[in-house]
Amino acid sequence: MSFAKNLVYSRLKLLNKYSRSVNTSAIRLQNVQQVTTGKRICIVGAGPAGFYAAQYLLKQLSDCTVDIVEKLPVPFGLVRFGVAPDHPEVKNVINTFTKTAENPRLRFFGNVSLGQDISLQELRQRYHAVLLTYGADQDRELQLQNEQEQHVISARKFVAWYNGLPGAEQLQPDLSGRDVTIVGQGNVAVDVARVLLSPIDKLKITDTTEYALEALARSQVQRVHLVGRRGPLQAAFTIKELREMLKLPNVTTNWRSSDFTGIAEQLEQLQRPRRRLTELMLKSLSEQSTRSSTAAAGRQFLPVFLRAPKAISAKEMEFAVTQLREGVAVATDATECLPADLILRSIGYKSSCADAGINFDPQRGHVRHEQGRVLKDGEEKSVEPGLYVAGWLASGPTGVILTTMNGAFAVAKTICDDITAKAFDTASTKPGFEVGSQRIVSWDGWLRIDQQECEAGKSKGKPREKIVDIEHMLTIAGV
Ligand SMILES: Cc1cc2nc3c(=O)[nH]c(=O)nc-3n(C[C@H](O)[C@H](O)[C@H](O)COP(=O)(O)OP(=O)(O)OC[C@H]3O[C@@H](n4cnc5c(N)ncnc54)[C@H](O)[C@@H]3O)c2cc1C
């Protein structure tokens, strides 16, 4: 079917399906159809990198149209499925993304997965440029025996569970034990610790999924160890996250004073953010000794430094005691076991290779590129014309949304520069995405899902109740 016929077909299909409500998707498709002479750019992945890149491209290139292809029926990537539910202010970036999506030169194609529903080769034939921003949806493993046991789960899966990622509702983490040990000390690890230790009433007013709230309300977890290989000066969490932990009602934080030997003496040499974080840890440590015994009766947050994971058993986890040599943690022969009814591995995310045509580095878990230009397979210096990568898929899973935004803007600028330099073909006519028999969620389809979620949340005093079943999402979206 030709592209023009396809648009008519999809318009009719949409109009039939959504005849009960005002339909603007068809109008939007029509608008896009009018701009046939401009540059067609496809972005794969509707997370922060995708939306920020789209925002930049639409602003800088007045004759371009941008299509965002997203695996899930719903947009926003880790802003929806990663950011902690008790951090609603972080999710405000969704408003900016929504404004970008409302641009008539942007189309959203939800429920379309690169590598499954469409190949990279096909996308490259249909667009002048393709920007890959499909993130990092796998996790790094400890490579220890027994890691596949039921009581060992990744923080990624646990986060996805409380945040309602489709499929993650099956996780059913066992929260019947008293002790949880989290391996890793980044902000994701602290998010997980906070969710486990927070009073349930604090979570009830967030968009934590209902099934997770029910499980957390029944939770018997009393103590959460947060274990890192290195020392307090290398702690990966940031001050905001630590402050929140220290302020959690009915939770006491207990540091090990031995971890802080010689730390106060180094304060002066530290850069300001690191110094402030360390000062806060030292302050909290000093308050520990003066705390009354009743205050220590509730749940406990127990950061442990200088321990490297060594072995996993049914109720505990063994760690090697480490020493720091030039900032690197080196395991000694000494060991320590920590109680662990549940073990949460939080040592980072990694990307996967969605399509065989992507020059992917499996070791480092990201796409090989030079300043966002994807490199040709086996050739270090030459780039694939018109193929780009941004976000966590390019950088690896580091940094916050702001970092992702800056990276995405930089790659979008590179695309604009390459167009000016005629580094890839923009003269020929490209058809863009072909709406075939797939069940595709348009932006208006997402708005319908959004509306239902917000309405369902309102009755429970929550900002939204996320729908986790894909089929249900598609039905609401009208496809
Ligand atoms: C648990 C957690 C909590 C965080 N909390 C914060 C915070 O509080 N504040 C902050 O600033 N940052 C936070 N971050 C970091 C922030 O989420 C990232 O910086 C940002 O989401 C990275 O954006 P991205 O677009 O590269 O990837 P993602 O957000 O992962 O977006 C990728 C998108 O691509 C889609 N996709 C995947 N595969 C395919 C495919 N084959 N085809 C089509 N689409 C596909 C995904 O569904 C997703 O929508 C957090 C991260 C995590 C993991």
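Table for the structure above
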| read-out | value |
| --- | --- |
| Built amide H within the under 5 Å cut-off of T253, gap 5+ | F301 |
| Sequence-distant residues sharing a close amide H with I43 (under 5 Å, placed H) | D67, I68, V69, L131 |
| Helix-only [θ]222 nm of the chain, DSSP H runs n ≥ 4, -39500 (n - 2.57) each, per residue, nearest 500 | -10500 deg cm²/dmol |
| Overall Cα dimensions of segment 141-347, principal axis frame, Å, largest first | 48, 37, 31 |
| The chain - Rg over Rh from alpha carbon coordinates, Kirkwood radius | 1.01 |
| Antiparallel DSSP beta bridges within the chain, as percent of all bridges there, nearest 5 | 35 |
| Out-of-range pairs (alpha-carbon distance over 30 Å; input K71/K247; K99/K381; K310/K462; K71/K376) | K71/K247; K99/K381; K310/K462 |
| Residues whose placed amide H lies under 5 Å from that of S113, excluding near-sequence neighbours | I118 |
| Neighbour net charge for R373 - beta-carbon separation under 9 angstrom, K R +1, D E -1 | -3 |
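Laboratory data are not the source of any read-out in this text; all were calculated from the coordinates shown. Being a predicted model, the structure only gives us computed values, none of them experimental. Cβ sites come from the backbone with ideal geometry, for glycine too, and all protein chains shown count toward neighbours.
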